[in-house]
Amino acid sequence: MPSPSKQINFLRGWPTPALLPTALLSAACQRVLVDPDEYTEMQEYGSCHGLTRLRDGLAHWLGCHYKVNLDPERICITGGASQNLVCILQCFSDVNYTRAVWVVAPCYHLACGIFEDSGFAGRLHAVPEDDEGLDLDAFERKLSEFERKDKNERKQEPFKLPAAGRKLYRHLIYTVPTCSNPSGVTMSLERREGLVKLARRHDALIISDDVYDLLQWPTNSPVTSDRPPEMRLPRLCDIDRSLGYCDDDPRGFGHAVSNGSFSKIAGPSVRTGWAEGTPAFIAGIAHAASTRSGGAPSQLCAAMLADIIESGQLQRFLDERVRPTLQRRHKLMMDVIARHLGPLGVKGRVASLQGYEVYGGYFVWLDLNSTFSTKFIADILRSEENIIIGHGDMFTVHGDERSAGFSNSVRLSFTWESEEDIIDGIKRVGQTILRMQQRKEYYLELAARNVG
């Protein structure tokens, strides 16, 4: 059948234009370019740690949110979460010494390639997730079994030259603990504490993408500026700090780093983020050779962001525009899913944190309970309805797909398409699944031909 001309894209994890603080950034840009003393410094290469004004602003802003005292020396400015992941791997991992990368699955589908580009292809391992986040018991069993087998095979000598300002870790752990992409799950406090203690026992670095922490809302009440404790869970780096330095970590690099980004808060175009960890760890990132050569990342955007953080404008924009809009869009999508997909056996998560009426992030994760794989359903939706979805196989850990497969799941974004197209698109997804059920033999034959 002919495909509808208008495409509806539920895969794209971009903010809709209404979520972009364009006017705030425009006015901030004008303000920071007025004072020669400020803009001259800003337009130069800058400190490797990044713009001091933004580091100070983040220390205050994040400290208020997480209810902790933050030292700007624990923060450096980055070019965004993805760019900073590369810097972390450059400075704190080694293809010989670092034995494995452990990735919570289902995982952010574009992160695996970053690890592979850094030499870890074939060494990524899936860690299963349940309703409380990372399955700590399963992870400990897998890690202990890996170390037992690896003991006689691993090379002790690092490939990289030693550096006084850095530490190489034996293991890397990658997770999105709050409102995980793609599953939407928020890791419980007990699991967070257990994960940090596990990392400290096994010489592991936890790389925590904390990009959705500020984008949470109640599911059954209006959004307000007040955030209850379940929306302020301590980050893994906060827990690591509370435990003090390990005996085998005399230089104080720690075992967790928070990878933050303004892409979901102020728009992807600002290309600005931050990292938080121990002062020693942050100094190691800041003095990566690429930063020492190129200067502080995102100097102009950092100044603009500092301006709207200091004034409280960005916080008000999040509370008055972004979070209510995300809440409305999420509820709209879930209501339409319940109406058009629920009768077909489709199930989805209603809360991010188990036991609490709170959700956050950009995505919903659905189990389709279908005879057909969601990859095949995605192909049919694209060809027959011009609808794009994220099928579950996209979110497996590269090279370890058999450990945790998701051929019955899909990820849908509620942030990009218009609200009218969210309604229309979900209706058409339901119609397609029903059509496939009613013409099961035809689609089974088509699926078999596609496999062949």
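Brief remarks follow.
- Criterion (within 26 Å of S261 (Cα to Cα) and free of Cβ contacts under 8 Å to residues at least 60 places away in the same chain) met by exactly one of H398, H391: H391
- Counted residues, segment 204-225 - those being of a type in the set (S, T, Y) and open to solvent by 20 Å² or more (accessible area, probe 1.4 Å): 4
- Tally, over segment 409-452, of residues that are under 26 Å from I265 (Cα atoms), of a type in the set (A, V, I, L, M) and open to solvent by 80 Å² or more (accessible area, probe 1.4 Å): 0
- Set side by side, the residues R328, R349, R316 differ, and just one is under 17 Å from I389 (Cβ atoms) and open to solvent by 10 Å² or more (accessible area, probe 1.4 Å), which is R349.
- Selection from segment 1-37 of residues that are modelled with pLDDT under 95, surrounded by fewer than 16 Cβ atoms within 10 Å (Cβ to Cβ) and aliphatic (A, V, I, L, M): M1, A18, L33, V34
- Residue check, F406 crowded, with 16+ Cβ neighbours inside 10 Å and more than 19 Å from S370 (Cβ to Cβ): no
- Of residues in segment 66-102 being among the aromatic types (F, W, Y) and either assigned to a helix (DSSP H, G or I) or at pLDDT below 95 (or both), the one least open to solvent (accessible area, probe 1.4 Å): F92
- Of all residues in segment 268-285 being of a type in the set (A, V, I, L, M) and surrounded by 23 or more Cβ atoms within 10 Å (Cβ to Cβ), the one that is farthest from Q83 (Cα to Cα): I282
- Segment 250-261, subset touching a residue at least 12 places away in the same chain (Cβ under 8 Å) and surrounded by fewer than 17 Cβ atoms within 10 Å (Cβ to Cβ), residue nearest to S82 (Cα to Cα): G252
- Identification of helices (runs of 4 or more DSSP H) wholly contained in segment 286-395 with 3 or more residues that are under 22 Å from Y108 (Cβ atoms) and not polar (S, T, N, Q) yields 323-340, 374-380.
- Residue among S208, S221, S225, S258 that alone is of a type in the set (S, T, Y) and out of contact with any helix residue (DSSP H, G or I) (no Cβ under 9 Å at 6 or more places or on another chain): S221
- Screening A404 with (1) in contact with a helix residue (DSSP H, G or I) (Cβ under 6 Å, 6 or more places away or on another chain); (2) part of a loop (DSSP other than H, G, I, E, B) gives one miss only, at (1).
The values are calculated or read from the model by the stated rules, or taken from the named source; none is laboratory data. Please read all numbers here as calculations on a predicted model, not as lab measurements. Glycine gets a Cβ as well: all are built from the backbone with ideal geometry, and neighbour counts include every protein chain shown. Ligands, DNA and RNA are excluded from the accessible area calculation, which covers all protein heavy atoms including side chains. Shrake-Rupley method; radii C 1.70, N 1.55, O 1.52, S 1.80 Å.
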